[in-house]
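Before any comments, here is the structure.
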Amino acid sequence: MTRLVGRALAAPLMAAALLTAPVTATAHAAPKPKEATRTIEWVAVLKSHTKPARLREGADWTVYAHLHLKARDGRPGKKIGDTTAHCAAILVNQRGHVTQCSRVLRTDAGHLSLTETMDRYGKGPHTAPAAVTGGTGAYADAEGEATVVLHGDIATFRIVLDD
């Protein structure tokens, strides 16, 4: 009988101990955000493209531009490389179109790859978040996010790399 009473009391005591135990981190805890980041601001000036005059869904084209440091006034500064993009129209309607672009920004220090989907409705400027999908050289193992702004023949890139 003593054993039965002991077992009957053990379960509630164990549950109480678990409920009052201090909480510790588990394997399921969210990773802490990286504290060290590096921000790069570049400007690209369009040189050529193969974008069709009349877009239809599924149409694709390429873009080539010169890449510059962004000057304090926001204009293109010193030329540091070039950039290419491969874009496709994924939605076309009366208001405009939605594109998906993969970009490579090339400098002597290395390359950065970006990808984004952008709504291009109205005259612009058009803005979209982009994912940093990789890099080479000084940008090897690059991770982060970027903001791409297209305004006429100018594209600006604000890239935040997680170090």
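FYI, it's all coordinate maths here, none of it is from the lab. Worth saying up front: this structure is predicted, and the values here are computed from it rather than measured. Ideal geometry is used to build each Cβ from the backbone, glycine not excepted, and the neighbour counts take in all protein chains shown.
For the pair Asp119/Lys51, report the inter-label distance in nm, with labels modelled 7 Å from Cα in the Cβ direction.
1.8
At q = 0.15, 0.16, 0.26, 0.28 Å⁻¹, work out log10 I(q)/I(0) for the range 72-129 with the Debye formula, treating every Cα as an identical point scatterer and leaving solvent out; two decimals please.
Each listed q corresponds, in turn, to -0.59, -0.65, -1.07, -1.11.
Grab the other residues whose beta carbon is less than 14 angstrom from that of Lys47, score K and R as +1, D and E as -1, and report the net.
Net local charge, Lys47 excluded: +1.
Considering only the other residues whose Cβ falls under 12 Å of the Cβ of Phe157, what net charge follows from Lys and Arg at +1 and Asp and Glu at -1?
Local charge sum for Phe157: 0.
DSSP loop GluC sites (Glu not before Pro) in the range 95-163 with at most 15 other Cβ atoms within 10 Å of their Cβ, which ones?
When the GluC sites (Glu not before Pro) of the range 95-163 are filtered for loop state and at most 15 Cβ neighbours within 10 Å, Glu143 remain.
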